[in-house]
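Scroll down for the structure; my scribbles are underneath it.
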Amino acid sequence: PLDFSTANLFLLISSILRANMAGTHTQFVQWFMEECVHCLEQSSHGSILQFTPFTMFSELVQVSTMCSPKIVLAITDLSLPLGRRVAAKAIAAL
């Protein structure tokens, strides 16, 4: 149930980013993603970022003020060739 709820939370965040309207809700998403990355750096346990939908990645990159190399690297699966290629393109675009 927690995994399902977390996946649904990221789908909701993805829909917020798709709205293309800046405001307090997009600031919350930025803060939340930064905190997820921060917690990932401090913990050796699994990350909730594994539940991030692939479409959310491109939406984060489009909101370039929200995206940083740390977040790009945390969201993408660098063990896959496609993940490495997408991460490289996104970081180069920042």
Neighbours by Cβ (under 9 Å, 6+ apart or cross-chain): first from the stretch 80-93, closer than 18 Å to THR52 by Cα; second open to solvent by 80 Å² or more (accessible area, probe 1.4 Å) and at pLDDT below 80: VAL86/PHE54
Residues in the stretch 16-33 that are over 17 Å from ILE71 (Cα atoms) and modelled with pLDDT of 85 or more total 0
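The values are calculated or read from the model by the stated rules, or taken from the named source; none is laboratory data. Quick caveat, the model's predicted, so the values are computed rather than measured. Positions of Cβ are generated from backbone atoms using ideal geometry, with glycine treated the same way; all protein chains shown enter the neighbour counts. To get the accessible areas, we keep the full protein, side chains included, count just its heavy atoms, and leave off ligands, DNA and RNA. Shrake-Rupley method; radii C 1.70, N 1.55, O 1.52, S 1.80 Å.
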